[in-house]
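Please treat every number below as a calculation from the coordinates, not as lab data. Remember, it's a predicted structure, so these values are computed and weren't measured experimentally. Positions of Cβ are generated from backbone atoms using ideal geometry, with glycine treated the same way; all protein chains shown enter the neighbour counts.
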Amino acid sequence: MPIVTSITKLLNIRVQLNEGGMQWVGLPRLVAAVSDAGGLGILTALTQPNPDALRNAIKETRALTSKPFGVNITLLPSINPPDYAGYARAAVEEGVKIFETAGHSPGELIKYFKTNGCIVIHKCTTIRHAKSAAKHGVDVLSIDGFECAGHPGEEDIGGLVLLARAAKELKIPYLASGGIADARGFAAALALGASLTSVHVGTRFMCTVESPIHQKIKEKIVASTEQDTVHIFRTLNNTARVFKNKVSMEVVSIERRPGGAKFEDVRELVSGQRGRVVYEKGDPDYGIWSAGICIGLINDIPTCEDLVLSLEKGVEEIISDMNTIVVKAKL
Ligand SMILES: Cc1cc2nc3c(=O)[nH]c(=O)nc-3n(C[C@H](O)[C@H](O)[C@H](O)COP(=O)(O)O)c2cc1C
C-alpha cells in the first residue's frame, strides 16, 4: 500500500523513493525504470558531454516513461567548470520540472530553477547547510549521512543522528539519504522522519538490471561487504566514499605521505574517464568509482520494478511486525 506523504504529492510519485544523481550511471534507461516502478528517477546532467546531449537524454527518457523524472546538476570545484548554466537552460527548455542540485554555491542555479517554476531538491550533509539551503528557497532537502556513496562532507555524522535532527529542526520536506538498500533501512528512515521523509537511494540502483554499468561490476558489488569502501580526498577537504581497490588505496597512500598531497599528485589516478572505463569494461581495479557502505546489504541484481515492489512489501511487513511487538509489549 503506497504511503502518501507531502513528498509523494509534491513530486507526483507513488512510492517515496528517489534515485539519486549518479555520474556515468544516471542514464535514461535506469531513470525511466525507476520512475516507471513508482519512484523518481534522476538523470545526471554531467554524464552528458554537453547541454545538447542532455536535451537528447531527456527526450530519450521521455520516450521510455510517461512518469515524472528529474535532472541532477552537481557543482564541482573545478579549474574549468562545465557549462552549468547551459545544462540548466537545456533541461528547463525541455520541460523538466524537478531538479536535484549538489555541491558548492548552488545559489544562482536554485534562483534560476525557482524563477522557472521548478521544484528543487538540494543535497546537504549537515543541518547547518540544510538550513542555509532552505533560505535559498529550495523545496526539498536531501540529507546525506556518513554512510553515503560520493561526498559525505567532512563532519562524519551518521544518518541516525543527522535524520533525527532533521526531523526536529527542518521546516521543509527532506529525503533520507545514505546507506539505504533494503526495507529495514527504508522503514528506519520513515521512523526517523515520520511522514515528511522520503528515501534517496544511490548504490542500490547501480545493481539493477536496468543500470548501465558492466555486469562484472554489478557482480563485484554483490560479492562485496560493507568493508569494501574507502574515503579518498580526506586530506583535501573534499572527502569522497569510493570502492576500495588498487587505485583508491594508492590515492589514500599518496595522501598519507609526510607533507600530504596536492590534487596534482593524484589527478591522473582519480580521472573521471578512468572511472567511466570501469563501468564500460567491467574491470573494478581500473579507476575510481563511487559506492556506499550499503554494498554490504546488496545480494542480488533485480529489475527496478522488482526492487521497488520488494522494498514496499518489506516496509509494510516491518511496520506490521512493529505493531505486533507494541501489542505484545502491552499484554
Ligand atoms: C556511482 C555513483 C555516482 C554518484 N554520482 C553523484 C553525482 O554525480 N552527483 C551527486 O550529487 N551525487 C552522486 N552520487 C551520490 C548519490 O546521489 C546519493 O546521494 C548516494 O549514493 C546515497 O547514498 P547510498 O549510495 O548509500 O544510497 C553518486 C553515487 C553513486 C553510487
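Annotations
- Highest-fluctuation residue, Asp182, Asp321, Asp300 considered, GNM on the chain with Cα pairs under 10 Å: Asp321
- For Asn72, residues with placed amide H under 5 Å, excluding near neighbours: Leu43, Thr44, Ala45, Glu100
- Just checking the listed ones, Pro49, Pro302, Pro81: in the Gaussian network model of the chain with Cα springs under 10 Å, the one fluctuating most is Pro81.
- Between Asp156 and Asp321, the contour length at 0.36 nm per residue exceeds the Cα-Cα span by 56.2 nm.
- Peptides 213-219, 38-44 ranked from most to least packed, by the mean per-residue count of other Cβ atoms within 10 Å: 38-44, 213-219.
- For Lys171, a cut-off of 19 angstrom between C-alpha atoms picks up these lysines, skipping any fewer than 8 places away in its own chain: Lys9, Lys114, Lys123, Lys131, Lys135.
- Positive-end residue, the chain charge dipole about Cα centroid, Cβ charges, pick of Leu76, Ser253, Ala130: Ala130
- Charge dipole of the chain about the Cα centre (unit charges at C-beta), most positive-ward option of Val270, Leu11, Gln215: Leu11
- Whole-angstrom gap from region 82-119 to region 256-273, using each part's C-alpha centre: 31
- For region 256-297, the equivalent ellipsoid derived from the Cα gyration tensor has semi-axes of 23, 16, 7 Å, listed largest first.
- For Lys244, the lysines whose Cα falls under 20 Å of its own Cα, not counting residues fewer than eight places away in the same chain, are Lys216, Lys218, Lys220, Lys281.
- Assigned charges on the beta-carbon of Lys, Arg, Asp, Glu; the chain dipole about Cα centre (debye): 680
- Rounded if a/c under 1.5, otherwise prolate or oblate - region 1-151, Cα gyration tensor axes: rounded
- Residues of type aspartates and glutamates that Lys111 reaches as a straight line, Cα spacing below 20 Å, ignoring anything fewer than 8 places off in the same chain: Asp83, Glu93, Glu94, Glu100, Asp139
- In the chain, the calculated helix contribution to ellipticity at 222 nm averages -13000 deg cm²/dmol per residue, counting -39,500 (n - 2.57) for every DSSP H run with n ≥ 4.
- Taking 7 Å steps out from each Cα toward its Cβ at Val209 and His136 produces label points 3.9 nm apart.
- For Ile157, the amide hydrogen comes within under 5 Å of the amide hydrogens of Phe146, counting only partners 5 or more places away or on other chains and with H modelled in the peptide plane.
- Virtual spin-label span in nm between Lys246 and Ile172, 7 Å along Cα→Cβ: 4.6
- Taking all pairs of distinct alpha-carbon atoms in the chain, Kirkwood radius in angstrom: 20.0
- Per-residue ³J(HN,Hα) for region 87-93, Karplus 6.51 cos²θ - 1.76 cosθ + 1.60, θ = phi - 60°, Hz, x for Gly and Pro: 4, 4, 4, 4, 5, 5, 5
- Distance between modelled label sites at Asn80 and Arg234, nm, 7 Å Cα→Cβ extension: 3.2
- Residues with amide H under 5 Å from that of Asn18, placed H, sequence gap 5 or more: Leu40, Val199, His200, Val201
- A Gaussian network model of the chain, with springs between Cα atoms under 10 Å, assigns the largest mean-square fluctuation among Gln48, Gln16, Gln273 to Gln273.
- Plainly put, region 253-331 has a radius of gyration that is 1.27 times its Kirkwood radius, both from alpha-carbon atoms, as the Rg/Rh ratio.
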